[in-house]
Structure formats: structure tokens, C-alpha cells
1. Taking Pro56 as the residue in question, decide whether it is touching a strand residue (DSSP E or B) at 6+ places or on another chain (Cβ under 8 Å) and closer than 30 Å to Leu501 by Cα.
2. Could you please find all residues in region 58-74 being over 24 Å from Gly173 (Cα atoms) and buried (at least 19 other Cβ atoms within 10 Å of the Cβ)?
3. So if I check each of Ile162, Ile178, Ile132, Ile171, which one is of a type outside the set (Phe, Trp, Tyr) and under 20 Å from the mean Cα position of the chain (by Cα)?
4. Specify which of the listed residues (Glu187, Glu156, Glu176) is part of a loop (DSSP other than H, G, I, E, B), in contact (Cβ under 8 Å) with a residue 24 or more places away in the chain and of a type in the set (D, E, K, R).
5. Taking region 216-235, which residues are outside any loop (DSSP other than H, G, I, E, B), of a type outside the set (Lys, Arg), at pLDDT 90 or above and open to solvent by 10 Å² or more (accessible area, probe 1.4 Å)?
6. Kindly provide the set of residues from region 29-57 that are in contact with a Cys (Cβ under 9 Å, 6 or more places away or on another chain), surrounded by 21 or more Cβ atoms within 10 Å (Cβ to Cβ) and in a loop (DSSP other than H, G, I, E, B), ordered by number.
7. Is it the case that region 75-82 has a residue that's in contact with a Phe, Trp or Tyr (Cβ under 7 Å, 6 or more places away or on another chain) and either outside any strand (DSSP E or B) or polar (S, T, N, Q) (or both)?
8. All but one of (1) of a type outside the set (A, V, I, L, M, F, W, C); (2) touching a residue at least 60 places away in the same chain (Cβ under 8 Å); (3) surrounded by 20 or more Cβ atoms within 10 Å (Cβ to Cβ); (4) under 30 Å from Lys502 (Cα atoms) hold for Pro118; which doesn't?
Amino acid sequence: MTKIVLTADRTLMSEFREVPNLNFLACASSNVMPEFLFKMIAKPIPNENGIALKAPYGLRKVEAALLKYYKPEEVVVADPDYLENFIKEDTKIVGVNVMEPFGLGPLTMLATWHGGAPSYCTTFFTNLIRKIDKIRKVRNLKFKIVVGGSGAWQFEFQPYRINELNIDHAIIGEVEHIIGPMFKELEEDGGNYKPIIRIKGFPKVDEIPLIVKPSCHDLVEVMRGCGRNCEFCEPNLRASRYYPFEYILKEIELNVKYGGDKAWLQTEDIFLYSLEDRRNFLPNKDALKELFSLAINVKGVTHSNATHGTVAPAAADPELIKELSKILKAGPNNWIGIQTGIETGSSFLIKKWMPLKCKPFSPEEWQEVVFEGTRVFNENYWFPVYTLITGLPGETEEDVWETIRLIDRMEKELPNLVGKEKTHFWIGAFPFIPIGVMRGEEAFDFDKNMTEARFLLFYKVYKHMIYEITNPHPGTLKGPWLNLTYKLFGPIGSWVLSKWLKNFIKKYGYDVSKIENL
């Protein structure tokens with residue numbers, strides 16, 4: 001008897017052939033990337049009789065929380081292509097994990113700015129919901145469709161989607177502490193819950209259960225929340241909580257038990273793990289070294305890195321990065337990836353919207369912090385993936401030019417300091433989306449807000465990204481199979497991005513020669 005069926009669309013139920021960054025292709029549309037090609041890259045995760053053998057980490061957390069209130073046979077995480085095998089007369093709720101349901105995230109808005117077909121994220125999500133609703137109608141069933149996850153905030157921006165897609169509830173926020181009782185109420189009479197449910201408060205660490213089955217990408221969470229108070233950031237609204245080592249170890253071991261070989265540590269900023277210095281945000285070195293030592297020494301783990309981290313700690317404490325690199329066995333054949341937001345090269349905008357991002361430095365030192373932090377990362381075989389925000393409130397043309405000049409300096413000077421072979425960073429510019437405490441501000445509109453400097457910034461960063469795709473360092477591709485896969489699919493990514501850039505230039509037509517020789 002399956003009361004609760006959990007699932008997600010194919011863009012989330014895929015590991016994209018384990019090639020780093022290929023999952024970003026889900027933000028593209030069929031106008032840019034043919035659907036047959038996307039489906040070939042977004043290979044579905046394996047299933048056993050329709051039961052997903054891996055699933056997004058957030059969905060695994062919900063599954064684990066529900067198992068405190070339901071029997072194992074009452075909860076299933078299903079492959080989206082086999083949902084009809086599990087939805088029966090006794091099904092009460094079908095829960096769907098969402099990340100980018102309506103294309104309102106900055107990367108998707110950028111990738112689909114020219115109009116036409118929506119992103120694959122949006123297409124696969126809406127098709128999945130319609131499939132579930134069709135099963136409900138054809139079989140005359142009464143179960144509820146409930147969606148939640150990191151992209152659920154988009155329902156507040158487009159609430160009409162609830163009725164349009166016949167969704168019963170969209171849940172926004174962390175749910176592990178209340179999802180069991182909530183589902184019990186929903187399956188009976190719905191309680192007093194509105195269509196859009198925003199959860200107030202957060203679960204304590206001891207209220208967040210361990211996952212019971214493996215996660216996609218061998219992901220495990222080590223903390224929640226942040227504390228740097230960037231005003232445009234939704235995760236910053238969450239309280240900071242740190243998982244103890246034994247908790248993290250058990251989840252890594254679980255993924256390895258089911259065939260995983262990585263320890264990919266999820267956090268908003270790895271350098272805040274077990275933070276004690278709330279004044280200067282200097283990392284807790286001992287805790288970080290112990291954390292990574294624990295992860296990399298689990299039998300079966302061949303590689304470990306964090307998902308996100310700030311660049312300032314690398315500039316502030318180069319020795320820490322060196323020590324972590326030694327623990328993680330970083331080197332010419334083993335680069336450590338990390339994603340970090342530098343957002344802007346403007347000291348004015350840093351001071352206005354994110355003054356703690358540069359700690360322990362001042363906003364006036366931001367450009368030097370980014371440059372030195374990148375140098376330290378590259379010297380120690382770390383590959384940073386940087387993000388920028390275009391259109392922050394109050395941004396001027398000079399602010400944008402400061403960012404352009406920072407990138408240009410990095411491209412020209414870093415190879416002289418660390419060597420061309422070791423100089424590697426990805427960087428992407430994305431439109432401002434008013435979330436976090438900046439809700440109510442005006443979102444960036446490509447047609448209304450594009451200026452010459454902003455156009456040239458986009459051109460600059462995506463030219464650099466094409467360079468990185470076409471000139472990868474062999475050590476960033478782990479193992480012969482990944483090398484082969486990248487050789488096959490890397491040119492595809494470069495082609496998609498080049499096509500996008502050509503359309504971009506054609507649409508706006510500014511003179512790109514202005515930044516060729518700064």
C-alpha cells in the first residue's frame with residue numbers, strides 16, 4: 001500500500017553522465033539545444049522496478065522525515081517515467097521536488113531571454129505535473145499533488161500556476177520537522193493549509209533525519225544557513241546550523257555502500273562550517289581540516305570537494321587552502337571544484353548590498369580580495385566557478401566597468417603569477433532576481449535594462465567560459481571515462497554557448513571591440 005509517492009522531473013533525476021556543470025544545460029531551451037541531444041546528455045538515473053535508485057538530496061531528506069510517520073512500504077521515491085505503477089486507489093499524496101519550475105532563476109532567465117521555447121527545467125516540470133494530474137483524472141483518484149523544494153519560491157511570484165496546473169499545495173521552506181504531521185493532515189481533510197504554504201522557523205539539527213537511500217551526485221549536507229547577510233540571497237534568511245562529524249560520516253558511508261565514490265559536501269559556504277569568529281568570519285581551520293579528512297578517508301571515496309565557498313577566506317588564509325589541498329590530495333591530476341559568488345567588481349555595491357561577503361577585508365579591498373583569492377585557489381589546484389549579478393539596484397555603468405576590468409586583470413595577470421596551465425576559473429553573469437530581503441525591488445529586464453557596459457560584461461564572461469570549455473586542464477577531468485565523455489560532450493556545451501552568444505550579439509549589436517584591448 002503506497003500512500004506517499006515522491007518524485008522529481010528528469011532534469012533533477014539525472015546525474016548528467018557525471019560530467020561537472022553539464023546539469024546547467026537544463027536551463028537551456030530547445031531553441032538553443034535540440035531536445036534529442038538534451039535527453040542523450042540527461043541520462044535518467046537507474047531504477048529498479050520503477051523505484052529510483054538515486055534521488056535529489058532534498059527529496060531523500062523528505063523521504064527520511066516521512067518514514068518516522070509512515071511504514072516503509074507506504075512511501076516510495078519513484079522514477080518519473082514509472083509513476084503510473086505506484087499511484088493507486090490508496091495513494092494519498094504525490095510529492096514533487098522542484099528546483100526551477102517556471103524559469104525565474106537567473107541562469108534560466110539568461111538562457112531563455114530571447115523568447116520562444118521555455119527551458120528544459122520548466123518543460124519537464126510542467127509535463128510531469130500534467131502527467132500526474134491526468135492519472136488522477138483518468139483513474140478518478142483523490143490524491144493531492146504537493147510540490148516543494150529549493151524552487152518553490154517561484155510560486156509566490158506566479159501564484160496563478162497553482163490553479164493552472166491543478167496543484168493542491170506548494171510548500172516553501174525547510175520541512176523535515178513538520179512534514180510528517182502535515183502530510184497526515186493533508187491526506188485526511190487538508191487541514192487549514194492554504195495553496196501556498198510558507199514554513200516559518202527551521203528544524204534543529206536533531207530534527208533533520210539522516211537519508212536512508214543514496215543521493216544523486218553522492219551529495220551530503222554539512223550545514224544549513226549562512227550568516228554573511230547578502231541581501232539578495234534566500235539561503236541567508238535561514239538560521240546557521242552545523243551537522244556533527246558522525247552525522248556527515250554516516251551519510252557518506254551510505255552513498256558509498258550503494259556504489260558512490262565521492263563525498264560532495266553541500267553548504268552555502270564551506271568556510272563557515274563550525275564558524276566561531278562572527279566578527280571577522282575567519283574560518284575554523286581545525287574543524288575544516290577534520291571535516292575534509294573525515295570525508296576523503298572513508299573507504300571507497302576517491303574524491304571530495306564542497307559545493308560552495310566564499311573567495312575571501314582564500315585571500316585571508318592561503319595556508320588553510322594549502323593544508324586542505326594536501327588533505328584532499330589536490331594536484332595536477334586532481335583539481336578541487338568550488339562555486340562562489342563574487343557578484344560584482346564594484347566596492348560601492350559590495351558595501352551597499354553585501355558588506356560581510358568580503359570579511360575579514362573591507363569593501364574597498366574587494367577587487368584585490370577576488371584576485372588574490374583566485375591566485376591562491378589556482379596555485380593549490382582549486383577550480384573556482386564564479387557568479388556575477390547584473391542589475392543590482394543602484395548599479396551604474398562605472399560599477400559594471402569595474403567588474404569588466406577585474407575580469408580582464410584576472411585573465412591577463414594570473415597566468416604570469418601561477419602559470420597558464422594552472423590558471424582556471426569559470427565565470428558567469430546573471431540577471432538580478434529580487435529574492436531574500438530584496439523582495440519588491442525591480443528584477444533585471446533584458447529589454448528595458450540592457451546598457452552598453454552590461455552587454456560587454458556578458459560578452460566578456462561568456463567568451464571566457466567558452467575558452468575554459470575548449471581548453472580544459474586534464475586534471476579537472478577525473479578518470480579516463482570522464483575525459484572521454486568531456487571530449488564528446490564538451491564541444492556540445494561550447495557550441496550551445498557560442499550559439500547563445502552570437503544571438504546575444506545580434507540582438508543588441510554593441511561594439512565588442514571596446515573590451516578586446518583594455
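The values are calculated or read from the model by the stated rules, or taken from the named source; none is laboratory data. Just so we're clear, the structure is a prediction, and the values are computed from it rather than from any experiment. Heads up, the Cβs are rebuilt from the backbone with ideal geometry, glycines too, and the neighbour counts pull from every protein chain shown. In case anyone asks, the SASA skips ligands and DNA or RNA and just uses the protein heavy atoms, side chains included. Shrake-Rupley method; radii C 1.70, N 1.55, O 1.52, S 1.80 Å.
1. Numbers: touching a strand residue (DSSP E or B) at 6+ places or on another chain (Cβ under 8 Å): yes; closer than 30 Å to Leu501 by Cα: no.
Judged against the criteria, Pro56 is not a match.
2. none
3. On the way: Ile162 fails: under 20 Å from the mean Cα position of the chain (by Cα); Ile178 fails: under 20 Å from the mean Cα position of the chain (by Cα); Ile132 fails: under 20 Å from the mean Cα position of the chain (by Cα).
The match here is Ile171.
4. Values: Glu187 fails: part of a loop (DSSP other than H, G, I, E, B); Glu156 fails: part of a loop (DSSP other than H, G, I, E, B).
From the options Glu187, Glu156, Glu176, the qualifying one is Glu176.
5. Keep residues of region 216-235 that are outside any loop (DSSP other than H, G, I, E, B), which gives 216-221, 223-224, 235.
Still in the running and of a type outside the set (Lys, Arg): 216-221, 223, 235.
The next check asks that each one be at pLDDT 90 or above; those that pass are 216-221, 223.
If the condition is that a residue be outside any loop (DSSP other than H, G, I, E, B), of a type outside the set (Lys, Arg), at pLDDT 90 or above and open to solvent by 10 Å² or more (accessible area, probe 1.4 Å), then His217, Leu219, Glu221 are the ones that fit.
6. Lys54, Pro56
7. Our first condition is that a residue be in contact with a Phe, Trp or Tyr (Cβ under 7 Å, 6 or more places away or on another chain); within region 75-82, this holds for 76, 78.
Those still in the list that are either outside any strand (DSSP E or B) or polar (S, T, N, Q) (or both) too: none.
There is no residue in region 75-82 that is in contact with a Phe, Trp or Tyr (Cβ under 7 Å, 6 or more places away or on another chain) and either outside any strand (DSSP E or B) or polar (S, T, N, Q) (or both).
8. The failed condition is (3).
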